[in-house]
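Right, one structure below, let's go through it.
The values are calculated or read from the model by the stated rules, or taken from the named source; none is laboratory data. Predicted model only: the values in this text are computed from it and were never measured. Cβ coordinates were reconstructed from backbone atoms using ideal geometry, including for glycine residues, and neighbour counts include every protein chain displayed.
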């Protein structure tokens, strides 16, 4: 079934499911030891005593050189996603791959920029796209899912429609009783007993829902919803649709415009797959009475179960694409939850280790959390760029990299970009080539960009400084003649 303007949906699972066996893997570790200064060996007995001790020392070192479960992801343990998340810090607390396009996490009813707010703020649901550490208006917060029980009763939230009318959409907000945050992993428990676990790959969110009857899906939801037309820096609903393709899959899309950069419409496609099947029923079914609602296009159907899933687990994956539903399906992660979480942390561990830092535990916590935040944006959307960037006759391997969510070059040209060029030059080269790619198709390099649209400019164009530093550092793989052309265009030709 499809909803041309469909905002929300409820799905309930059909039967209990036995969870997959958890898989664990290790990748790397740190070992350090200190030894007391030894006095000169003035007696032969000292030397003999040392020689008797050396085999034990080597045995000690060899045993400790073998990684154990406690050794893996050593630097990941120093990252605290809570730092910077409250107030105006607005850093993203949910899981993310380095420069990952998909950032799934909870959206609270007050709609902070990164979605999350501390308890006792209620959670509206989990969306798949977020930014981190931003000011100004909200951006993204697309494709909301919320685990529900049959007895849950919705409230409503106003949604401004494209024709200027206002419609109420249902909200199944819940209070958290417990919450756990770490690098690559989020978990919370609602006061109705449902527990949600979240991790992610670059382009697919992975969920484990415990003791839920079903899933509420709202493809019209986004951060910054407001009933005032074109209010400054608010996102505006354009349209959405979705359908069930089989007992285990939903596909669809949502289109939103505006937000912090006052950008044009962007479309997020999704493919949701559940290992627990959905069962459609008619609106007259008594089981669905408490879960039905009205969307702008009229009454909807619901998908409900014949029995509860108490003490069971449902595994859900949500592939995201900015190109098509088919690509969203291809972006579905093929690994189970725990394996992907291990892979995510291994990726982060490798990047964090590039910047060695010695200090107290408190200092390392602050340092590596800041480094982690630096590697969240801009996001790598190579292969997910707008259609104009993807000529049919160009092989994917020959495409320039494409990054989005530059928040904002007037800040990052002198903060994160020098660090990226020093320790992550391959990423810095990709980002510079992405700026040139944007110039080739949009006419100007961005000073800020999100949702595939250049945003505002503050004090000139700071992409020039990024390119100049790349040139001064002699970074290879950049067309500096094209870069000079783009710089001169920025400097000499005012935008029309």
**Asked** In the stretch 179-226, what count of residues is obtained for those that are without any contact (Cβ under 8 Å) to a residue 12 or more places away in the chain and more than 21 Å from residue 335 (Cα to Cα)?
**Response** 1
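Conditions (1) under 28 Å from residue 75 (Cβ atoms); (2) buried (at least 19 other Cβ atoms within 10 Å of the Cβ); (3) assigned by TED's automatic domain parsing to the domain that holds residue 83, marked per residue:
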site: 357; (1), (2), (3): yes, no, no
site: 365; (1), (2), (3): yes, no, no
site: 370; (1), (2), (3): yes, no, no
site: 390; (1), (2), (3): no, no, no
site: 401; (1), (2), (3): yes, yes, no
site: 404; (1), (2), (3): yes, yes, no
site: 412; (1), (2), (3): yes, yes, no
site: 425; (1), (2), (3): yes, no, no
site: 431; (1), (2), (3): yes, yes, no
**Request:** Scan the stretch 227-267 for residues that are under 14 Å from residue 453 (Cβ atoms) and in a strand (DSSP E or B) and report the count.
**Result:** 12
**Asked** Residues in the stretch 472-482: is at least one within 28 Å of the chain's Cα centre (by Cα), in a helix (DSSP H, G or I) and not assigned by TED's automatic domain parsing to the domain that holds residue 134?
**Response** no
**Prompt:** Quick check, is residue 430 assigned to a loop (DSSP other than H, G, I, E, B) and either farther than 18 Å from residue 99 by Cα or touching a residue at least 24 places away in the same chain (Cβ under 8 Å) (or both)?
**Reply:** no
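So that you can scan it fast, the table gives a plain yes or no per residue for (1) in contact (Cβ under 8 Å) with a residue 40 or more places away in the chain; (2) crowded, with 22+ Cβ neighbours inside 10 Å:
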site: 446; (1), (2): yes, yes
site: 451; (1), (2): yes, yes
site: 465; (1), (2): yes, no
site: 468; (1), (2): no, no
site: 472; (1), (2): no, no
site: 475; (1), (2): yes, no
site: 480; (1), (2): no, no
**Complete:** Within the stretch 437-456, residues in a loop (DSSP other than H, G, I, E, B) and over 26 Å from the mean Cα position of the chain (by Cα) come out as 443, 444
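Being modelled with pLDDT of 90 or more and closer than 28 Å to residue 376 by Cβ is true for just one of 181, 215. Which residue is that? Quick ask: steps written out before the conclusion?
On the way: 215 fails: modelled with pLDDT of 90 or more.
Residue meeting the stated conditions: 181.
Can residue 342 be described as modelled with pLDDT under 95, outside any strand (DSSP E or B) and either surrounded by 18 or more Cβ atoms within 10 Å (Cβ to Cβ) or outside the structural domain of residue 385 (by TED's automatic domain parsing) (or both)?
Numbers: modelled with pLDDT under 95: no; outside any strand (DSSP E or B): yes; either surrounded by 18 or more Cβ atoms within 10 Å (Cβ to Cβ) or outside the structural domain of residue 385 (by TED's automatic domain parsing) (or both): yes.
Considered against the rule, which asks whether it is modelled with pLDDT under 95, outside any strand (DSSP E or B) and either surrounded by 18 or more Cβ atoms within 10 Å (Cβ to Cβ) or outside the structural domain of residue 385 (by TED's automatic domain parsing) (or both), residue 342 comes out as no.
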**Request:** Could you please give the count of residues in the stretch 319-339 that are in contact (Cβ under 8 Å) with a residue 60 or more places away in the chain, within 16 Å of residue 384 (Cα to Cα) and not in a loop (DSSP other than H, G, I, E, B)?
**Result:** 6
